[in-house]
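Presented below is the structure to which this report refers.
What follows draws every value from the coordinates through simple rules; no lab data is involved. All values derive from a computational prediction rather than experimental measurement. Cβ atoms come from the backbone with ideal geometry, glycine included; neighbour counts cover every protein chain shown.
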């Protein structure tokens, strides 16, 4: 057992660790709020694009929302563990931080490796959506209209992609391709946007997902600091048998 003088000398060190860890935990809690907000924002702002990807891709915003929620709960637990100066709770906190870090690391690697499949998946699904397009509005047709209206584009590569569709054979270009609100007759190529949507959508997705990836990577790296602090404080409390009076 450590002598009273030894504990008195160690107490300021542990107090310092506690203060730093509390500040870290608060910031970590804020990052959880940020992840939650980014997930909700991604679900709302990128919904049209995700609807033309495979089902796994549409789960990305929900993964961020779930991760943000877990981080918020874990941050709350970490704050409680730090205030209590409980060695076993701090070890548990460090273990959870490590687990989340590994999950985020694996997710980032998988996302990077399969990023080209996302492009191919979107292009293939967009082409299918054009082939099966109807103005009555299934969710894929709605997504096509919203993308073409928002980005002022037409078709996948360019407007000529529509000429191979059944819809064009019956009615011509859809209204969402029009440069103006009314471009009748809708077979007049001069009255529709000439640029395709694929490149524009990929530019937006890469830009927006770059923001998401950057924030996620920053949060993951930030957790390493928490793991170190929680471990050090837990070890100091255990070794010196520190108790809060």
At a threshold of 8 angstrom on Cα-Cα distance, excluding pairs fewer than six apart, so keeping six or more, what relative contact order does the stretch 119-199 reach in percent? 32 percent
Multiply the residue gap between residue 41 and residue 117 by 0.36 nm, knock off their C-alpha separation, and tell me the result in nm, one decimal place. 25.0 nm
Cα-Cα pairs above 21 Å in the stretch 119-199: how many percent? 13 percent
Spacing of the two label points (7 Å from each Cα toward its C-beta) at residue 98 and residue 207, in nm: 4.2 nm
